[in-house]
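The values are calculated or read from the model by the stated rules, or taken from the named source; none is laboratory data. Worth saying up front: this structure is predicted, and the values here are computed from it rather than measured. Every residue, glycine among them, receives a Cβ derived from its backbone with ideal geometry; neighbour counts consider all protein chains shown.
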Amino acid sequence: MIPYSKQSLDADDRAAVAAVLEGDWLTQGPAVSGFEQAVATRCGVPHAVAFSSGTAALHAAVFAAGVGPGDEIVTSAITFAASANCGAYLGARPRFADIEPETWNVSAATLEAAMTPRVKAVIPVHFAGLPAPIEPIRELVGPDVAIVEDAAHALGGYSGEGEVGSCAHADMAIFSLHPTKAITSAEGGVVTTRDAAMAERLAVFRHHGMVRDPDRFVHPEGAGDEGPWYHEQQYLGFNYRLSDVHAALGNSQLGKLDDHVAARNAVATRYREGLDGIEGLGLPPQPGGEALHAYHLFVVHLREGTARRLELYQRLLENEIRTQVHYIPVYRHPYYRSAFGYGPGLCPEAERYYAGCLSLPCYPDLTPAEQDRVIEVVREAMGDG
């Protein structure tokens, strides 16, 4: 069976994990801070804060941005639900921007249509690994609305604005380290930022909201009266810590990031050559200029829509090739219908995209022979064999 995605691990990765297992720290130890520093250096920012998942990273980022009850956030209609859930967790109303048909990403124009005076943060998604235009989004929202880049798909990518995660025009960027992503820590996430105060709020939030620095105590007399063990819970935080075991794997994988992204781009190039010219089959948007697509996903689009997509999905599965659909527009999920009153038709371009999208297998260890098999079955199923 050819999966739609899978992790790429080697002996160095296993050795890094084994070294932590043989040491003194399984969690809250030096492997985590070392990994954070490595990510910060890679992205060219002073701060990176690691989390137990990309979802946790999103939750913490909107918390650090000050989002709360009565506020609103705006994100893409085409994304994993966590991009919107992070606002709902904090009592905010998620709103949805449509996508541009040329990029499948949001833009300043599509975000503008969803903005209200209550919007406290916008969360542009670098869908499939294609960097979204953050500078014009900053020009749209101004300095008082936080921008949190959902870069879960895009670690290792870059645009004319710089490396994804550099926060050149954003307040924060989040990455996912799930096994399907460019690098993995088994489960994990990271937030990058240039803002020291936000970095501190992120770190406190992931540790139950607990503060141990005497200079930041609300009631400093407690430390003097009780002893050096004194600490304060100042926020309603969570246990969102990344363990040293996970961090060691992530740090080992980070050294392979460029190779993994290059391999994904090679897969994308081979698909484009092999699938070009098939009637009724659209290929994914490409980056402009010197930008680099991270190709977390290679999504094709069937212009005849849902019925033809299901036919192709089933034909591939019969040939032991797994594919996936990314994504159902978030507002169509039952929770968003019942909690916020959303329903089908909110974002027309997102609906058109969803009706025909299908993600083909795309990962660094996908062999040319396996890829040729995918191309062959797609061509046959589309009547172009």
### Query
Out of the range 99-123, which residues are in contact with an Asp or Glu (Cβ under 6 Å, 6 or more places away or on another chain) and buried (at least 24 other Cβ atoms within 10 Å of the Cβ)?
Ile99, Ile123
### Selection within the range 230-244 - surrounded by fewer than 21 Cβ atoms within 10 Å (Cβ to Cβ) and within 30 Å of Pro364 (Cα to Cα)
Arg241
### Query
What is the one condition in (1) closer than 22 Å to Glu100 by Cα; (2) in contact (Cβ under 8 Å) with a residue 60 or more places away in the chain; (3) within 22 Å of the chain's Cα centre (by Cα); (4) outside any helix (DSSP H, G or I) that Cys362 does not satisfy?
(1)
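Is it the case that some residue within the range 340-356 is assigned to a loop (DSSP other than H, G, I, E, B), in contact with a His (Cβ under 9 Å, 6 or more places away or on another chain) and at pLDDT 95 or above?
At the first step, the residues of the range 340-356 found to be assigned to a loop (DSSP other than H, G, I, E, B) are 341-347.
From what's left, in contact with a His (Cβ under 9 Å, 6 or more places away or on another chain): 342.
Keeping just the survivors that are at pLDDT 95 or above gives 342.
Checked the range 340-356: at least one residue is assigned to a loop (DSSP other than H, G, I, E, B), in contact with a His (Cβ under 9 Å, 6 or more places away or on another chain) and at pLDDT 95 or above.
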### Task
Among the residues of the range 247-305, write down those that are β-branched (Val, Ile, Thr) and buried (at least 16 other Cβ atoms within 10 Å of the Cβ).
Val261, Val267, Ile278, Val299, Val300
### Qualifying position, being assigned by TED's automatic domain parsing to the domain that holds Val164, assigned to a strand (DSSP E or B) and in contact with a strand residue (DSSP E or B) (Cβ under 9 Å, 6 or more places away or on another chain), among Val74, Val20, Val39, Val45
Val74
### Of all residues making up the range 184-198, the number that are of a type in the set (Gly, Ala, Ser), in a helix (DSSP H, G or I) and touching a strand residue (DSSP E or B) at 6+ places or on another chain (Cβ under 8 Å)
1
### Query
Do any residues in the range 9-27 that are among the small types (Gly, Ala, Ser) have Cβ atoms under 7 Å from those of residues that are surrounded by 14 or more Cβ atoms within 10 Å (Cβ to Cβ) and part of a helix (DSSP H, G or I), where the two are at least six apart or on different chains, and which pairs are they?
Ala16/Ala248; Ala16/Leu249; Ala16/Asn251; Ala16/Ser252; Ala19/Ala248
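Just checking, which of Pro94, Pro117 is within 18 Å of the chain's Cα centre (by Cα) and either closer than 22 Å to Gly341 by Cα or modelled with pLDDT under 95 (or both)?
Details: Pro117 fails: within 18 Å of the chain's Cα centre (by Cα).
Testing whether each residue is within 18 Å of the chain's Cα centre (by Cα) and either closer than 22 Å to Gly341 by Cα or modelled with pLDDT under 95 (or both) leaves just Pro94.
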## Note on the structure
Filtering the range 213-229 down to residues that are in contact (Cβ under 8 Å) with a residue 12 or more places away in the chain and either surrounded by 16 or more Cβ atoms within 10 Å (Cβ to Cβ) or within 19 Å of Phe51 (Cα to Cα) (or both) yields Phe217
## Note on the structure
The helices (runs of 4 or more DSSP H) lying entirely within the range 199-285 that contain at least 1 residues which are of a type in the set (Lys, Arg) are 257-275
### Count of the range 1-17 residues which are outside any helix (DSSP H, G or I) and either in the same structural domain as His326 (by TED's automatic domain parsing) or not β-branched (Val, Ile, Thr) (or both)
9
### Query
Would the range 30-49 turn up any residue that is in contact with an Asp or Glu (Cβ under 9 Å, 6 or more places away or on another chain), under 30 Å from Phe340 (Cβ atoms) and not hydrophobic (A, V, I, L, M, F, W, C)?
no
